[in-house]
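Single-structure report; data block below.
The values are calculated or read from the model by the stated rules, or taken from the named source; none is laboratory data. These numbers were taken from a predicted model, which means no experiment stands behind them. Counting neighbours? That spans all protein chains shown, and the Cβs are built from the backbone with ideal geometry, glycine included. Keep in mind that these areas ignore ligands, DNA and RNA; they rest on the heavy atoms of the full protein, side chains included. Shrake-Rupley method; radii C 1.70, N 1.55, O 1.52, S 1.80 Å.
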Amino acid sequence: MKRYLVFALVGPFVGGFLLLLTTTYQSGYWTQTSLGEVGKLFAVFFKTLQYSYLFGFLPALMIGAVDDILIHIRRIGPGLRMLLVGLFAFVLASLTYSSRGPDSGAVQFILYGLVGFVPAAISSWLVHRYVEESQAAAAPT
């Protein structure tokens with residue numbers, strides 16, 4: 001249960017911030033922005049944080065379920081599990097957020113993929129580091 005709590009708390013927070021950074025980069029905000037206006041970015045982030053949790057809660061729990069499934073496979077170590085969970089989230093996020101129109105490309109696919117990869121990998125690492133995994137070690141494969 002703690003695993004899902006970590007994914008539900010960390011995933012939408014980090015993913016929401018990375019999604020905001022990606023969309024501002026795609027819109028050209030950073031080409032004409034001074035460092036003094038970076039405060040506006042954080043203001044927007046904290047104003048929209050509730051929506052990050054509203055729309056990111058269930059996807060974060062789904063990625064946590066994938067991590068929970070992979071922990072029961074003894075041949076998969078923690079490092080490989082973090083990579084697999086991150087790659088799964090990368091593919092899902094890039095297919096969900098990136099467009100298929102004329103403005104799509106490799107940069108857009110990678111940026112939106114990182115929106116899923118980074119929170120999933122961080123959450124999986126936090127679970128491995130701080131949540132006791134004794135129940136998974138006792139389960140037969």
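Things to note:
- Figure note: Ser99, Ser52, Ser94 ranked by solvent-accessible area, largest first, 1.4 Å probe, ligands and nucleic acids not counted: Ser99, Ser52, Ser94.
- Spread of Cα-to-Cα distances over 5 Å intervals beginning at zero, given as percent, for the stretch 1-91: 3, 13, 19, 19, 14, 12, 9, 6, 3, 1, 0
- Of the solvent-accessible surface of the chain, computed with a 1.4 Å probe over protein heavy atoms with every protein chain present, carbon and sulfur atoms account for 70 percent.
- Residues Leu70, Leu21, Leu58, Leu83, sorted by accessible area with the largest first, give Leu58, Leu83, Leu21, Leu70 [1.4 Å probe; ligands and nucleic acids excluded].
- Couplings 3J(HN,Hα) of the stretch 35-52, computed from phi: 5, x, 8, 5, x, 5, 4, 5, 5, 5, 4, 6, 6, 9, 4, 5, 6, 4 Hz, in residue order, whole Hz [Karplus 6.51 cos²θ - 1.76 cosθ + 1.60, θ = phi - 60°; x for Gly and Pro].
- For the chain, built as a Gaussian network whose Cα springs stay under 10 Å, the top-fluctuating residue of Leu20, Leu61, Leu95: Leu95
- Accessible surface computed residue by residue for the stretch 8-74, with neighbouring protein chains in place and a 1.4 Å probe, gives 62 Å² per residue.
- Maximal additional length on extending the Thr96-Ile110 stretch stands at 3.8 nm, based on 0.36 nm per residue less the C-alpha distance.
- The helix-only estimate of mean residue ellipticity at 222 nm for the chain, built from DSSP H runs of length n ≥ 4 each weighted as -39500 (n - 2.57), is -26000 deg cm²/dmol after division by the residue total.
- Applying the criteria of a DSSP loop state and at most 15 other Cβ atoms within 10 Å to the trypsin sites (Lys or Arg not before Pro) of the stretch 7-106 yields Arg74, Arg75, Arg100.
- Net lengthening on full extension, Thr31/Ala43 (0.36 nm per residue, minus Cα-Cα): 2.4 nm
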